[in-house]
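The values are calculated or read from the model by the stated rules, or taken from the named source; none is laboratory data. What you are looking at is a predicted structure, and each value in this text was computed from that prediction instead of being measured. No Cβ is skipped: glycine too gets one built from the backbone with ideal geometry, and neighbour counts run over all protein chains shown.
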Amino acid sequence: MTIDDRIAAEKAKLDEHVREIVRWHFDPETGTPFWLDFASKLDFDPRTDINTFDDLNRFPSFQDEWLRGGPVRRWVPKAFADKPIYVFETGGTTGLPKSRIAIDDFRTDYEMFSETLPDDKFPLGSNWLMLGPSGPRRLRLAVEHMCQHRGGICFCIDLDPRWVIQLMKKGWNEHLEAYKKHVIDQAVKILKGGHEIKAMFATPKLLESLCEALEDQGTSLAECGVLGIFSGGTEFTPQWTRFATEELLEGIYMTPTYGNTLMGLAASRPVTAEEDYKITYYAPQPRAVLQIVDPDEPSQVVGYGETGRVKLTTLTKELFVPGFLERDEGEREEPYEAYPWDGVSGVRPFQKFADSTTVGVY
Amino acid sequence: MINIPALRWGKPYESLDKDEVVHFETGEKLAQVSQANAGIIQRDMRKASRARAALREIPAGELIKMVRTAAELYMTADLPLGDGTQGPDDFVRYQSATTGLPEHMCRANMEKNRFVLDRMDQVLESLTRGLDLDILGRGHGIEERGVPLSFQAQADVLGLVLPSNSPGVHTLWMPVIPLQVGLVFKPGPQEPWTPYRMTEAFYQAGVPREAISIYPGGPDAGAAVLGACERSLIFGGKPTVDQYRADPKVQAHGPGFSKILLGDDVVDNWEKYLDLMVDSVLVNSGRSCISCSGIWASRHTREIATAMAERMAGVAPKPTNDPESALAAFTVPGAAKAISGMIDQQLTASGVEDMTAVRPDGGDRLVEMERCDYLRPTVVHCSSPEPEIANTEYMFPFVSVVECSQDQMLGRIGETLIGSVISGDESLRAAALNATHIDRLNLGAVPTIQLNWLQPHEGNIIDFLYRNRAYQEADL
């Protein structure tokens, strides 16, 4: 099968998936109260009029404000009403946080992502360190689940990013440094505690601090036995990757990811020095779709290689999010063998919002 | 286009992140500057002690000679810049093209830098009150009257988070190399020119390469410099100054709110000081913390404001290479318009009048052009110190002439970097000497923009970098 055939096949698969998910969320028997109410205000019937992915443009852009405040049950599909429900939050330093419900999505998404990890760098059965935000966040549970799925036990730390943002806004630099030290101290104790940790998740900032702290103690991540790291965020730039590879990690394997509470994890093409550490992400289609669109005409994707705003569509039975405009921008990338659909490179805060967005707080 | 790398202890580092520096009028790309990520700075600072160690191997007297040689090179030589070279004329053109400052003002700033470098021995003798500089390097010694003394460096390097729009600030860090302390620059995005040119001049004069690093970058790079260096200077607005006010590691330089105070004994002869007042407001396009933003007097304030407006209201934008050009351009889109809007808002307060509302050519304060904007000189009269605009500073020739009785003046002027108190009244002069909210005090007819380089500026750099401590020796 040629790459063009595979692209066409994936598109057909996506269209079929769209029909299934839209019908599920808008069916009075199985559907989501929010979307059932929403449908009553539309001038079309999603169950009959949405037949392809492109048809989703008939919905107005998804407003993340809809996720603020309750009742949270309006987001639980009727078919799942009796299931145990998680709620994950994002934001919330000031005002109401945005919340999404989850049942098994985070497990499914991270099990899929797990398939992309090389076993020699993230050995099956090895223990992990989760050096990221704790509390009501998807990431903490998801990483722990992935570790368990791979047969390991996951060690976690306490980290409240809302407090970190408060410290930054107040300009309490001394407290900020003390809190960072508190977080890193927890990680160092775990790493040096004889727990045979071989893999970890870390944000770029925390990974830097951890390496520095270990160096201060005359050791390193590699000496502690870590073989593989996965990391993420808009700070995960080619330059940062190069710096980490050349100056921090002593040969430890590291792979970037892009994701958030609303979607699964987008995996990256292999990142190489030969390609100047270029990072290109591909969404886990058909459960989530990333598009690079014209910021002024979000229904129009930009040309390959051109810059646009990241638009996310989530299509699972637990959550339907059509056309959510992310606070990020990037360049549209061609499909390739492993991922025969569009990708995105150069992800960074959307220029219009960049000045008011606090990124990489932990 | 010049490709400029970061400098990591003298070694060029080409980053994958690059920032383009463009000509503010034509949009021409002048340079591509490698951006350092914060992690690089934090890692490099683990080796900061090597910078000081390399400088301590050279006697302070030799370093002073090198600085003097560097002054000449800075003024006259073709010096390496990234993958090219840059002569003094290009330096002026590029600096003007990216900061918006007219070329003759860039030349004046160059001359100011040269002046300080060339007289470094006098500057240091003055700032240290005649201390043998080798005592700083050695850590201890005996002063002339036989008393042992010791100075301890508080940092191996001085971090510098520099501004984009004010090339006049560089004189502050120039004494640092002969003090055997290294330099770590985070240049302003639009003004990489001075740190790179001065660094190359130092290198050519014999200063060890490992004594200096330059890390162009975004806010993260600035924060990393401040976080990783034990002593730093930062330049910014009032929020920046307020943020670092209580941080002993950081000396924050911001708006000066510099003022001229006319005593009751001289105010009836105010015309005698009109040139001095106009120069204090207008020189360097008002773009300096030492530029005068307030003139305070108990009477004749409306006449003073009217006379100043007559002298300055007609000043208009001219090409940057025009030797008569008196105004610097605002190269950040929207900045000038926002400032003008703030002034309009402040002018609605009671007792405030814009004396430059009507200009001889009928023009407005705000001049919007295709790629940059200008703000023309603005003189405001305040019938009391109450309105907010009575104590405001903007980055262009702007001054409030404030009516205030002499007995209340010092109590109402607020924080004042330069206070030129023009009065023979001994009680006023004595009160000014005691006023802790005036940093640099000028008694008599001294323009605020006239600095004596042998005097400390916003704290003595020696006190910031060195601690005088007790020291005793005895036989074993």
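Laid out as a table, the results:
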{"read-out": "Residue match in the range A:7-15 (condition: of a type outside the set (G, A, S), out of contact with any Leu (no Cβ under 9 Å at 6 or more places or on another chain) and exposed (fewer than 12 other Cβ atoms within 10 Å of the Cβ))", "value": "no"}
{"read-out": "Some residue of the range A:51-61 being more than 17 Å from A:F324 (Cβ to Cβ) and of a type in the set (A, V, I, L, M)", "value": "no"}
{"read-out": "Test: residue in the range B:234-244 that is within 14 Å of another protein chain (Cβ to nearest Cβ) and basic (K, R)", "value": "yes"}
{"read-out": "Selection from the range A:294-313 of residues that are over 11 Å from A:S345 (Cα atoms), of a type outside the set (K, R) and buried (at least 22 other Cβ atoms within 10 Å of the Cβ)", "value": "A:L312, A:T313"}
{"read-out": "Candidate set from the range B:349-373 (those that are assigned to a loop (DSSP other than H, G, I, E, B) and in contact with a Phe, Trp or Tyr (Cβ under 7 Å, 6 or more places away or on another chain)); member that is modelled with the lowest pLDDT", "value": "B:R371"}
{"read-out": "In the range B:330-348, the residues that are in a loop (DSSP other than H, G, I, E, B) and either touching a Leu at 6+ places or on another chain (Cβ under 8 Å) or over 23 Å from B:A307 (Cβ atoms) (or both)", "value": "B:T331, B:V332, B:P333, B:G334, B:T348"}
{"read-out": "Within the range A:1-96, helices (runs of 4 or more DSSP H) holding 1 or more residues that are within 24 Å of the chain's Cα centre (by Cα)", "value": "A:3-26, A:33-39"}
{"read-out": "Residue in the range A:142-163 that is within 14 Å of another protein chain (Cβ to nearest Cβ) and over 20 Å from A:C224 (Cα atoms) present", "value": "no"}
{"read-out": "Looking only at the range B:204-221, and only at residues there that are touching a strand residue (DSSP E or B) at 6+ places or on another chain (Cβ under 8 Å) and either part of a loop (DSSP other than H, G, I, E, B) or aromatic (F, W, Y) (or both), the one that is surrounded by the fewest Cβ atoms within 10 Å (Cβ to Cβ)", "value": "B:G217"}
{"read-out": "Given (1) closer than 23 Å to B:Q122 by Cβ; (2) assigned to a helix (DSSP H, G or I), number of the condition B:P175 does not satisfy", "value": "(2)"}
{"read-out": "Members of the range A:118-142 that are touching a residue at least 40 places away in the same chain (Cβ under 8 Å), surrounded by 19 or more Cβ atoms within 10 Å (Cβ to Cβ) and not aliphatic (A, V, I, L, M)", "value": "A:F122, A:S126, A:N127, A:W128, A:G132, A:P133, A:R138"}
{"read-out": "Selected residue [touching a residue at least 12 places away in the same chain (Cβ under 8 Å), touching a Leu at 6+ places or on another chain (Cβ under 9 Å) and among the aromatic types (F, W, Y)] from A:F236, A:F155", "value": "A:F155"}
{"read-out": "Qualifying positions in the range A:97-108 - assigned to a helix (DSSP H, G or I) and either among the basic types (K, R) or touching a strand residue (DSSP E or B) at 6+ places or on another chain (Cβ under 6 Å) (or both)", "value": "A:R107"}
{"read-out": "Lone qualifier among B:G168, B:G159 - being assigned to a helix (DSSP H, G or I) and crowded, with 17+ Cβ neighbours inside 10 Å", "value": "B:G168"}
{"read-out": "Filter result for A:Q291 (assigned to a loop (DSSP other than H, G, I, E, B) and away from every other protein chain (no Cβ under 14 Å))", "value": "no"}
{"read-out": "Residue within the range A:337-355 that is part of a loop (DSSP other than H, G, I, E, B), over 15 Å from the mean Cα position of the chain (by Cα) and under 27 Å from A:P161 (Cα atoms) present", "value": "yes"}
{"read-out": "Residue match in the range A:148-170 (condition: surrounded by fewer than 22 Cβ atoms within 10 Å (Cβ to Cβ), under 24 Å from A:F88 (Cα atoms) and aromatic (F, W, Y))", "value": "yes"}
